[in-house]
Amino acid sequence: MKQTAVVTSRVINTPDTVTIGFRVDGRGLEHRAGQYITVYFDDTDIREGKAYSLSSVPGAAESTITVKKIGLFSGKLHDLKIGDHLIISQPYGSFNAFVDEPIVAIAAGTGISPIWSVIQDETRRATGRPIRLLYSNRTPGDIVFREELKSLTDENDSFKLEHFITRSPSVSGVNHRRIDAKRDASAYKDTHCFYVCGSADFVRSIWRQLVDDGVSIDRITTETFFGAL
Ligand SMILES: Cc1cc2nc3c(=O)[nH]c(=O)nc-3n(C[C@H](O)[C@H](O)[C@H](O)COP(=O)(O)OP(=O)(O)OC[C@H]3O[C@@H](n4cnc5c(N)ncnc54)[C@H](O)[C@@H]3O)c2cc1C
């Protein structure tokens, strides 16, 4: 069922990524961590709309999506102003497996969006569930939620973060290479579940690396941002 949301905030995360906050009937959406919505623009030919993961924590006063500008839909989302109306679906999807095992989350770019929702949800509920995030970006300037992730790492012993930078000169404290699931996550293959999110190429590649390393497919849950770069 479609519903009308009102844009209530707009935060620039990186030069090409914004987080758009919105409310329906004055409230955030009821959703589970890791779900997504479909956004519709009536003045486009894409009647089926496009999907965007919710980056907000369930129960928040406003819901958020975090959008990288690459084409028509994401450009229209970037152009939204506070007070604008937005046609959206109900939340859906089951990226978050809601099991008790510790998590290795592997994200690229805006693929952090549903994972950020899951991380905040676990932290807010103080589950103590260990989460290890491997986060890949082209340059340090592309890291979404950089400060928020750092604060969470500083405040929370159960949250570990490793950055991977693929296209920039040397900066300290990060890995200058692509994520290699065998090298970076093999130690957790029998004890953790794996949440993978990003572009189709990224998810396909990481899933293959995990499976080739002997991770059971039952332990891997993915969200593929089809249409994203
Ligand atoms: C479950 C799910 C969740 C998602 N969550 C998010 C999210 O949280 N954040 C987010 O930013 N995105 C997310 N996406 C991706 C999002 O749905 C859109 O696909 C994305 O925003 C691109 O849409 P667009 O209309 O802006 O770009 P498009 O216009 O579709 O362009 C996409 C790319 O394809 C190129 N392109 C377009 N048409 C052609 C053509 N004819 N020939 C060659 N190249 C072409 C464009 O230049 C651009 O590089 C998600 C996708 C899915 C499936």
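The values are calculated or read from the model by the stated rules, or taken from the named source; none is laboratory data. Because the structure is a prediction, the values reported are computed rather than measured. In this analysis, Cβ positions are derived from the backbone assuming ideal geometry, glycine residues included, and neighbour counts consider all displayed protein chains. In case anyone asks, the SASA skips ligands and DNA or RNA and just uses the protein heavy atoms, side chains included. Shrake-Rupley method; radii C 1.70, N 1.55, O 1.52, S 1.80 Å.
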Requested in this report: Might you work out the accessible area of K160 for me, using a 1.4 Å probe with all protein chains in place, and round it to the nearest 10 Å²?
Outcome: 90
Report task. Count the net charge of all other residues whose Cβ sits under 10 Å from the Cβ of N96, scoring Lys and Arg as +1 and Asp and Glu as -1. Result -> -2
Report summary line: Taking protein heavy atoms only, a 1.4 Å probe, and rounding to whole percent, the accessible area of the chain owed to carbon and sulfur comes out at 49
Report summary line: In debye to the nearest 20, the charge dipole size for segment 103-224, taken about the Cα centre with +1 at each Lys and Arg Cβ and -1 at each Asp and Glu Cβ, equals 260
Query raised in the report: Quick one, what does Rg over Rh come out to for segment 103-224 if you take C-alpha atoms and the Kirkwood Rh?
Result: 0.94
Report task. Using the structure shown, select from K76/K182; K150/K182; K50/K189 the pairs with a Cα to Cα distance greater than 28 angstrom. Result -> K76/K182; K50/K189
Report task. Note the angle between two axes, namely the Cα long axis of helix 146-155 and the longest principal axis of the Cα atoms of the chain, as a number of degrees from 0 to 90, rounded to the nearest 10. Result -> 50
Query raised in the report: So what's the angle, to the nearest 10 degrees on a 0 to 90 scale, between helix 200-212 and the longest Cα principal axis of the chain?
Result: 30
Requested in this report: Whole Å is fine, so just give me how far the alpha carbon centre of segment 1-53 lies from that of segment 188-209.
Outcome: 26
Report summary line: Everything considered on the Cα gyration tensor (a ≥ b ≥ c; rounded for a/c under 1.5, else prolate if a/b is larger than b/c, else oblate), segment 3-88 must be described as rounded
Query raised in the report: Against the longest alpha carbon principal axis of the chain, how many degrees, from 0 to 90 and to the nearest 10, is the axis of helix 112-124 turned?
Result: 80
Query raised in the report: How much accessible area does E147 have with a 1.4 Å probe, in Å² rounded to the nearest 10?
Result: 120
**Report entry** Largest-first ordering by accessible area, 1.4 Å probe, given options W116, W207
**Finding:** W207, W116
Query raised in the report: Nearest 20 debye, what's the magnitude of the dipole of segment 1-151 about its Cα centre given +1 on Lys and Arg Cβ and -1 on Asp and Glu Cβ?
Result: 220
Report task. Mind checking which aspartates and glutamates have their Cα closer than 15 Å to the Cα of K68? Skip sequence neighbours fewer than 8 apart in that chain. Result -> D16, D79, D142
Query raised in the report: Where does each of 211-223, 101-113, 127-139 land if you order them by average Cβ count within 10 Å, highest first?
Result: 101-113, 127-139, 211-223
Query raised in the report: Using the Cα atoms of the chain to build a convex hull, what is its mean projected area in square nanometres?
Result: 12.2
